[in-house]
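Scroll down for the structure; my scribbles are underneath it.
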Amino acid sequence: MNYDGYKSARDMSWTCFIDCGIRSLPVPLSNICKHYGYTVIKNSTLPADSEFTLSPNERGRNVVTDSNTFIIVRDTDSLPTQRYSIAHEIGHILLGHNRTENITRGDEDETERFAIDLLAPACVLWGLDLHTPEEISKACNISITSAKIRAERMKVLYARGKFLSHTLERQVYKQFEEFIKNYKK
Ligand SMILES: [Zn+2]
């Protein structure tokens, strides 16, 4: 992923928090979907011959029509996995990938980046002083596997110590201030 892709995914996650007025963890994805008008559909409720039904290797998919945006999620997955799938699809839609014919590897990387920034925002983890995969998994309701990757990334960010240097990030942090103040580890 090039630096621009990385930045646009990160900036988009901040914009999403601000647009949707998100103030607490675990990030309420239903509020985000409601704000943007996305309807989440459980894959198990779809008839097998529906064009929306996920193929066996898919965890989620978005379908954008003229009047509606749907996110189909594999509801037999664990809740943390479903949350990741939904965050990933929100990323594809907000980053405009649904408007292109071919999703590239770079688009997927950008979307993964968005998903983890949305589910486990770095400045909030920093504000809460969370470090371990266990702490991050619990606070964000993400899988321990995703939390381990996030914890590694946080280690780098903690060492760098450059939190809140971007206007959008400062705005997000302000929204979470009350939550951070009252959070009990
Ligand atoms: Zn994808």
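Bear in mind these aren't lab numbers, they're just calculated from the coordinates by the rules spelled out. Quick caveat, the model's predicted, so the values are computed rather than measured. Positions of Cβ are backbone-derived with ideal geometry, glycine not excepted, and every protein chain shown enters the neighbour counts.
I need the peptides 124-130, 65-71 ranked by packing, meaning the mean over residues of other C-beta atoms within 10 angstrom, with the highest value on top.
Highest-to-lowest ranking by the protection proxy: 124-130, 65-71.
Sequence-distant or interchain residues sharing an amide H contact under 5 Å with D75, placed H: which?
Under 5 Å from the amide H of D75 lie the amide H atoms of N43, S44, each far enough along the sequence or on another chain.
For the Cα atoms of the chain, what angle does the longest principal axis make with the long axis of helix 79-94, in degrees from 0 to 90, nearest 10?
Rounded to the nearest ten degrees, it is 80.
Quick check on the chain: take the gyration tensor over C-alpha atoms, sort the square-rooted eigenvalues as a ≥ b ≥ c, and tell me if it's rounded (a/c under 1.5), prolate or oblate.
Taking the square roots of the gyration eigenvalues as a ≥ b ≥ c, the chain is prolate.
Sum -39500 (n - 2.57) across every DSSP H segment of at least 4 residues in the chain, then divide by the residue count to get the 222 nm mean residue ellipticity, nearest 500.
Rounded to the nearest 500, the figure is -18000 deg cm²/dmol.
How would you rank K184, K34, going from fewest to most other Cβ atoms within 10 Å of each one's own Cβ?
Neighbour counts put them in this order, fewest first: K184, K34.
Any chance you could run the full-extension gain for N31 through I103? It's 0.36 nm times the residue separation minus the Cα-Cα distance, nm to one decimal.
23.3 nm
As I understand it, the value is the acute angle between the Cα axis of helix 3-20 and the longest principal axis of the Cα atoms of the chain; what does it come to in degrees, rounded to 10?
Relative to the chain, helix 3-20 is tipped by roughly 90 degrees.
Using a 10 Å cut-off on Cβ atoms, rank the peptides 20-27, 7-14, 110-117 from the highest mean neighbour count down.
Order by mean packing, descending: 110-117, 7-14, 20-27.
Could you give the angle, 0 to 90 degrees to the nearest 10, between helix 167-182's Cα long axis and the longest principal axis of the Cα atoms of the chain?
80 degrees
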